[in-house]
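In what follows, a single structure is set out as structure tokens and then discussed.
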Amino acid sequence: MGVTPSSVDEVTTAFAACRYLADRSLAVAIHLAHSLGRPLFLEGEAGVGKTEVAKVLSQVLDTELIRLQCYEGLDANHALYEWDYARQMLAIRLIEAGGTGDGASIESIMSREYLLARPLLQAVEYSSSGKPPVLLIDELDRADEEFEAFLLEILSDFQVTIPEIGVVRASVPPVVVITSNRTREIHDALKRRCIYHWLDFPDLDREVAIVRAKVPDIDLRLAHQLAEAMSDLRALELFKPPGVAETLDWARALRVLGADELSVGTVQDTLGVVLKYREDVEAVTQRGVESLVRAGT
């Protein structure tokens with residue numbers, strides 16, 4: 001789209017044009033984070049659309065999305081940079097053989113030329129017509145606490161320190177979106193640098209609107225049935241309550257099967273589209289899938 005929303009209403013409109021129906025509280029958080037140059041920290045259950053916010057924001061701003069997927073054991077080497085050891089070894093062998101190769105010297109093989117930029121360095125070094133990228137730090141709660149401390153320098157000053165090279169500063173600070181499923185608490189020092197927003201499951205009407213926006217050829221009655229059935233599932237004590245992503249998967253699965261309404265049979269056939277753990281499937285089955293069908297009538 002290539003527009004920069006200058007108000008909360010413009011954020012809502014721009015996101016809706018990309019088929020993301022943001023409520024006002026989320027639109028306010030996005031607008032403030034972008035206007036103040038602060039990272040946007042999104043917490044919530046899996047599948048409520050946190051990652052999608054960053055994807056849509058990159059579309060709205062017409063800029064690149066740089067994604068850092070967090071995981072246990074993630075460290076600076078994998079998130080920031082790695083040395084291109086293969087090229088370095090080749091250069092060393094050429095030097096030892098008496099050739100100049102590509103002009104390399106023992107000192108030069110520790111230069112920026114031999115670095116492989118990972119997402120954080122890519123975001124700091126990014127330059128495209130003065131337009132900042134959107135940096136998505138996804139599922140930060142999966143990473144170790146030590147990695148949070150490493151992020152503080154970047155989030156405070158948008159710069160990174162590489163011992164062999166020095167400080168690398170962003171000419172244009174990236175637009176940062178951080179997500180967490182809250183499997184553990186994120187440290188206050190990091191949260192203080194962000195605009196915080198809890199992204200909850202949508203209410204019934206909004207979920208119906210989301211389904212119809214993402215699966216436009218779905219029948220209105222079936223969209224209501226799905227939203228009501230999902231609300232019923234989320235009220236149960238499940239190991240992993242289904243998110244909006246699962247609602248959309250369910251709608252698409254029913255469309256593939258040619259179903260135009262929920263029935264006991266279609267629910268039984270497609271329960272694995274919505275629930276991802278055997279214990280949850282068994283709990284719903286033992287309770288009776290008829291309750292889901294009744295919820296949609």
* For every helix of n ≥ 4 consecutive DSSP H residues, a contribution of -39,500 (n - 2.57) applies; sum these over the chain, divide by its total residues, and give [θ] at 222 nm rounded to the nearest 500 deg cm²/dmol. => -14000 deg cm²/dmol
* Solvent-accessible area per residue for the chain at a 1.4 Å probe radius, Å²? -> 49 Å²
* To do: On a 0 to 90° scale, report how tilted helix 85-96 is relative to the longest principal axis of the chain, with both axes built from alpha carbons and the result rounded to the nearest 10.
  => 20 degrees
* Asked: How about Lys191: which lysines have a C-alpha closer than 25 Å to its C-alpha, ignoring those fewer than 8 places off in the same chain?
  -> Lys50, Lys55
* **Percent of beta bridges antiparallel (DSSP, the chain, rounded to nearest 5)** => 30 percent
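If I take R0 = 22 Å and measure r between the Cβ atoms of Ser7 and Ala209 in this structure, what FRET efficiency does the formula 1/(1 + (r/R0)^6) give, to the nearest 0.05? It would help to have the intermediate numbers written out before the result.
Numbers: r = 22 Å, r/R0 = 0.98.
Result of the calculation: an efficiency of 0.55.
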* What's log10 of I(q)/I(0) for the range 15-76 at q = 0.14, 0.18, 0.23 Å⁻¹, Debye sum over Cα points only, no solvent? -> -0.46, -0.75, -1.15
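How much of the accessible area of the range 229-297, probe 1.4 Å, is carbon plus sulfur, in whole percent?
Working: 1770 of 3600 Å².
Percent of accessible area from carbon and sulfur atoms in the range 229-297: 49.
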* **Rounded to 10°, Cα long-axis angle of helix 204-214 versus longest principal axis of the chain** => 60 degrees
* Residue among Arg67, Arg278, Arg142 with the largest mean-square fluctuation in a Gaussian network model of the chain, springs linking Cα atoms under 10 Å -> Arg278
* Asked: How much solvent-accessible surface does Leu74 expose, in Å² to the nearest 10, with a 1.4 Å probe and all protein chains in place?
  -> 10 Å²
* To do: Please give the net charge around Arg221, taking every other residue with its beta carbon less than 13 angstrom from that of Arg221, where Lys and Arg add +1 and Asp and Glu add -1.
  => -3
* aspartates and glutamates whose Cα lies under 14 Å from that of Lys131, excluding same-chain neighbours fewer than 8 positions away -> Asp62, Glu64
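Counting alpha carbon pairs within less than 8 Å and at least 6 residues apart, what relative contact order, in whole percent, applies to the chain?
The normalised contact order for the chain reaches 21 percent.
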* Which of Tyr81, Tyr20, Tyr277 moves most in a GNM of the chain, Cα contacts under 10 Å? -> Tyr277
* Structure fact -> To the nearest 10 degrees, the tilt of helix 145-157 (Cα long axis) against the first principal axis of the alpha carbons of the chain is 70 degrees
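The values are calculated or read from the model by the stated rules, or taken from the named source; none is laboratory data. Since this is a predicted model, take the numbers as computed values, not measurements. With ideal geometry, Cβ positions are generated from the backbone for all residues, glycine too; neighbour counts draw on all protein chains shown. The area values use the complete protein model at the heavy-atom level, side chains included, leaving out ligands, DNA and RNA. Shrake-Rupley method; radii C 1.70, N 1.55, O 1.52, S 1.80 Å.
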